[in-house]
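Each remark here refers to the structure printed beneath this line.
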Amino acid sequence: MDFDLSEEQRLLKESVDGLLTDAYDFEQRKKYMKEKGGWSKAVWSKLAEQGLLGLPFAEADGGFGAGGVETMIVMEALGKALVLEPYLATVVIGGGFLRHGGSAEQKAAHIPGIIDGSKTLAFAQLEKNSRYDLFDVTTTAKKKGDGWVIDGEKFVVLNGENADTLIVTARTKGERRDKNGIGVFLVPANAKGISKKGYPTQDGLYAADISFTGVEVGSDAAIGNPEDALALIERVVDEARVALCAEAVGAMDESLKETVEYIKTRKQFGVAIGSFQSLQHRASDMFVAAEQARSMSMFATMATDFEDAKERANAIAAAKVQIGKSLKFVGQQAIQLHGGIGMTMEAKIGHYFKRLTMIENTFGDTEYHLRRVADAGGLI
Amino acid sequence: MDLAFTKEEVAFREEVRAFFRDNVPPDTRRKMQEGRHLSKDEMVTWWRILNKKGWGVSHWPKEYGGTGWTSVQHYIFNEELQAYPAPQPLAFGVSMVGPVIYTFGNEAQKKQYLPRIANVDDWWCQGFSEPGSGSDLASLRTKAERKGDKWIINGQKTWTTLAQHADMIFCLCRTDPSAKKQMGISFIVFSMKSKGVTVRPIQTIDGGHEVNEVFFDNVEVPIENLIGEENKGWDYAKFLLGNERTGIARVGVSKERIRRIKELASKVESGGRPVIEDPAFREKLSACEIELKALELTQLRVVADEGKHGKGKPNPASSVLKIKGSEIQQTTTELLMEVIGPFAAPYDVHGDDGSNEAMDWTAQIAPSYFNNRKVSIYGGSNEIQRNIIAKAVLGL
């Protein structure tokens, strides 16, 4: 048992932290938000130059063959800096589908563009009524000749407006909530029949609602088995959840740090408000919540390698519950301890709160995952 | 980073489990599962079995009878012991006064006390808290005055756990009344059989008798019973409390209780079905299990990190253990109350010897709930723990 980072992991952490310290303070972030698409191509190129976009891919595919711990390190750093660039959508999720389900041809077609930063991806999964159930799919993919025709509507697709390639879940057979008959398809974002409505999200990212009307793709579009891809989807989404847990830990760490700094300097009644015990205890509870979250983020990172898919899913659901509870407490109390200034756009703390809040509601909120753990018979 | 135990660690866990399975007296285990109090004999019998195996004072240095285990092995041993469940070694001797003696005591004291602690030939109790000195321990007033070759001790201690069984006490006494608070305190050990020592039981809200008041009326103690230097007792007390971390989260205890909750909740019915089939109950239980898993991981982080922050500089995460550990223990007893519902009411009157076996185990659930309110109070209340985090970790 060992919780230490290896020498290489330590260097990775230093390099990504260093990059973001230079390139991603709060003022720089504001500028990036105003760039076309809502994030910085220059920063994305820097991430590519440092090899961060190629981390999880096999060396044979041009990547570094890194594992879950490396992704955790990067996501924590992205969470600390409130990074807007589509790392989760492109590298973690898009890359995840290609790594776990992609054919040699699909890998060759898409991975180099991800690694060199020239292409981004988006995962079109959520539907009007599917909420958090990954198997609740009404978008259809019907066989036509060798290829497929996709029809349906997807919502809140992160990076959906800018992505070069969409990864779309669609039903090839069966009824709405059947667990069989779901496929995953690589769809060029400019394919005929796609229309997108883009918008900013609460936390400063960009998403799009996307409709597919008779969108034709070739036989090579399906990742994995087009009639039975739910296990693949669950695996990749589990990895996305783990990445979100790590991002949340980074954002919680910074929220706590900012808050402690603030109450050390803000004076009322002639003293720093951090000298008041009620505030000290609140900050201590924030620390406890953040540490519990960190422990479960590590647990979830390890769980991605569990061989038993049920055990993996249960562990990651549990982590998402802990992170959800912790982030809500840390986020809310960070605002409370900042007082009025915490309510303003000009203070960084509110932006952490908003990102944390959106993380809770991505790929299953606390209640959803708690129910899953309970239905699985618990964790101990 | 690798959270799995090594092959050697897994083998060690199997060895520990097998030893408990073969050696813990079944009645002792049953009583602990049912939340009953154990008699002195039952506890001492088990500790001597443990000591015979060489595991009685596992974390002591090898020269004094320790095992030389790694911190992970200690962790595994503690967890398995709590989860089996079997009584943990008597903390007052093994975890508290023992390390103070082998660290600060002289050769004669080591020779005299350490083997007797290991074999529980002496049952030790702790003379720290006083009626006016709880969280503010350094304000203590029990005094030891030097008279020839004796200390004359006068004063009162309270919350003295299991003093009714004790042969020896280690006691913080004020030896320099003119010095400021922490400075004039000494660490003195003496026999509970000494003339002038009176033990008065305190009955706690669960009806049990775990704690006592102890009065000292001109108790004469040989001068050589001072441990370390005069007026340095506060340093030794801090050292002692710092050693208390092992197992303070009591993850194993909570694991065993969750196992029991599941067992009982699948037997007891509510709304025409077992309580465990109620989704709301299951979610509450799962929420507790998740908190416990997180705590277990936090504890493992602290264990794996031991010594890496330098001596006396524990991992900042260690302050989480007491707060979360106590909260979770309390939640598990609440969940047991919820399972048993109206059958929590019958009260099993304690016999004169403190035993209570007249009634069904269901009668232990409410007392266990009442009793566990203590865990967020003792060992530095959770509010004190928050003060510690605010100061030592957050720098407030």
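Computed from the coordinates by the stated procedures, all read-outs in this text should not be read as laboratory data. Since we're looking at a predicted model, the values are computed, not measured. For neighbour counting, all protein chains shown are included, and Cβ atoms are generated from backbone atoms with ideal geometry for every residue, glycine included.
Things worth noting here:
- For the stretch A:231-375, alpha-carbon Rg over 2.2 N^0.38 Å: 1.15
- Low-density loop positions, chymotrypsin sites (Phe, Trp or Tyr not before Pro), the stretch A:265-345 - DSSP coil, at most 10 other Cβ in 10 Å: A:269
- Hull shadow area, averaged, chain B [alpha-carbon convex hull, nm²]: 20.9
- Partner aspartates and glutamates whose Cα lies under 17 Å from the Cα of residue A:267, excluding those fewer than 8 positions away in the same chain, are identified as A:258.
- Expected 222 nm ellipticity per residue - DSSP helices of 4 or more, -39500 (n - 2.57), all of chain B, to 500: -13000 deg cm²/dmol
- Cleavage-rule hits, GluC sites (Glu not before Pro), the stretch A:93-190, DSSP coil, Cβ neighbours within 10 Å at most 14: A:175
- Charge context of residue A:320, other residues only, Cβ under 13 angstrom, K/R +1, D/E -1: +1
- Centre-to-centre, using Cα atoms only, the stretch A:319-341 and the stretch A:80-106 are separated by 28 Å.
- Residues in the stretch B:266-297 that a label on residue B:337 would reach, taking backbone N under 17 Å of a point 7 Å out along Cα→Cβ: B:281, B:284-285, B:288
- Straight-line reach from residue B:150: taking Cα to Cα under 27 Å and skipping same-chain neighbours fewer than 8 places apart, the lysines in range are B:110, B:111, B:180, B:181, B:193, B:195, B:232, B:238.
- Its alpha carbons give chain A an Rg and a Dmax of 20.9, 78 Å.
- The long axis of helix A:7-23 is offset from the longest Cα principal axis of chain A by roughly 80 degrees.
- For chain A, calculated [θ]222 nm from helices alone, where every DSSP H run of n ≥ 4 adds -39500 (n - 2.57): -16000 deg cm²/dmol
- Longest to shortest principal axis, alpha-carbon extents of the stretch B:100-246, angstrom: 41, 37, 34
- Cross-link pairs beyond the 28 Å C-alpha cut-off, checked among A:320/B:255; B:157/B:374; B:31/B:267; B:7/B:262; A:34/A:264: B:7/B:262; A:34/A:264
- Taking the empirical scaling 2.2 N^0.38 Å for compact globular proteins as reference, the protein assembly as shown has a Cα radius of gyration ratio of 1.10.
- Counting other Cβ atoms within 10 Å as a rough exposure proxy, the listed residues A:343, A:72, B:32, A:33 run A:343, A:33, B:32, A:72 from fewest neighbours to most.
- Computed on the Cα atoms alone, the convex hull of the stretch A:6-84 gives a volume of 86 cubic angstrom per residue.
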